[in-house]
1. May I ask you to list pairs of residues, at least six apart or on different chains, whose Cβ atoms are under 6 Å apart, with the first in segment 131-148 being free of Cβ contacts under 8 Å to residues at least 24 places away in the same chain and the second being outside any helix (DSSP H, G or I) and of a type in the set (Ser, Thr, Tyr)?
2. With the checklist (1) at pLDDT 95 or above; (2) under 27 Å from residue 256 (Cα atoms); (3) small (Gly, Ala, Ser); (4) surrounded by fewer than 17 Cβ atoms within 10 Å (Cβ to Cβ) in hand, flag the one item residue 114 doesn't pass.
3. Run down 80, 71 and say which single residue is out of contact with any strand residue (DSSP E or B) (no Cβ under 6 Å at 6 or more places or on another chain), part of a loop (DSSP other than H, G, I, E, B) and closer than 29 Å to residue 238 by Cβ.
4. Considering (1) part of a strand (DSSP E or B); (2) buried (at least 18 other Cβ atoms within 10 Å of the Cβ), say which one residue 178 fails and leave the rest.
5. List the number of the failed condition for residue 192; all other conditions in (1) in contact with a Pro (Cβ under 9 Å, 6 or more places away or on another chain); (2) surrounded by fewer than 16 Cβ atoms within 10 Å (Cβ to Cβ) hold.
6. Go through segment 117-156 and count every residue that is part of a strand (DSSP E or B) and more than 21 Å from residue 263 (Cβ to Cβ).
7. Contact list please: Cβ distance under 8 Å, first residue in segment 212-238 and under 15 Å from residue 153 (Cα atoms), second residue loosely packed, with under 13 Cβ neighbours inside 10 Å and modelled with pLDDT of 95 or more, pairs at least six apart or on different chains.
8. Can you name every residue in segment 267-281 that is touching a Leu at 6+ places or on another chain (Cβ under 8 Å) and closer than 15 Å to residue 202 by Cβ?
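The values are calculated or read from the model by the stated rules, or taken from the named source; none is laboratory data. Every value quoted in this text rests on a predicted model; they were computed, and no experiment measured them. When we count neighbours, we look across all protein chains shown, and the Cβ atoms used for this are built from the backbone with ideal geometry, even at glycine.
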Amino acid sequence: MTILVTGATGNVGSQVIQHLVDRGADVRALVRDPSKANFPASVAVVKGDFLDVDSLRIAFDGVSTLFLLNAVVSDEFTQALIALNVARSAGIERIVYLSVIHADVYVNVPHFAGKFGVERMIEQMGFKATILRPAYFIQNDLMIKDVITGYGVYSMPVGGKGLAMIDVRDIAEIAALELLRREQAQEPLALDRINLVGPETLSGTDIAAIWSDVLARPITYGGNDTQAFEQNLRQFMPPWMAYDMRMMGERFLTDGMLPEDGDLDRLTTLLGRPLRSYRNFASETVASA
């Protein structure tokens, strides 16, 4: 019985693998470049790509449970559908898919709409899956660490509604636990969706205040200009992706990213501990600088 992890070298996938290995699972990792793979010795590394169907057939052969993680790329939806079809042909029924919270609400945001389409296909194709719907990753704010510390401005377009930000480490551990739950079940378990949220719902000014405390100097919130946000992102990502991120930021401002009743209790019960806080992340970031 083998668990295949895609997106294996990324921030989430690499931690999922470590959690699975620590719990004694038989793990296989799908990677584009095996030379960049740095996994425990027990992990079987398979070279492959979502658009290389033959490589997927090899990677999926003999797999019992699949962790499906697609990066935000222009053909993300196509990649996911190919993976699902190959998985079905390989007889894989048990899946954990990393989607995004409010995928059915942020309908004009390309990568949200794409992930919602994948969710629908998982359901329509009859897979027994857990669909994980994480809110904003706390670690995304590492992109603007220098802006915060150098210019005294928190520039992410979080707005006033608030985001239930979650630590990537919590996402990875929950994903690993769900993979093991499905892998170890005698029969494939029913479809389930889990919102992955942090312990607090924070506005832009809330986050600026946390950085002010941690850095012991004033940090202001300046993230409501989504046009400027897009232009800054274009310096290090393709224009289409920067625009996608701007559309997401605009939905942050109008809708927020809020937990549902019971989300926090479910996650803390699943982990057996409290979720990591944004303040914890900020303090760790400053301490490691």
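1. These pairs meet every condition: 144/155; 147/155.
2. Just one mismatch for residue 114, condition (4).
3. When all the criteria are applied, what remains is 71.
4. It fails just one condition, (1).
5. For residue 192, the failing item is (1).
6. Qualifying residue count for the region: 3.
7. The qualifying pairs are 212/218.
8. Answer for segment 267-281, where residues must be touching a Leu at 6+ places or on another chain (Cβ under 8 Å) and closer than 15 Å to residue 202 by Cβ: 275, 278.
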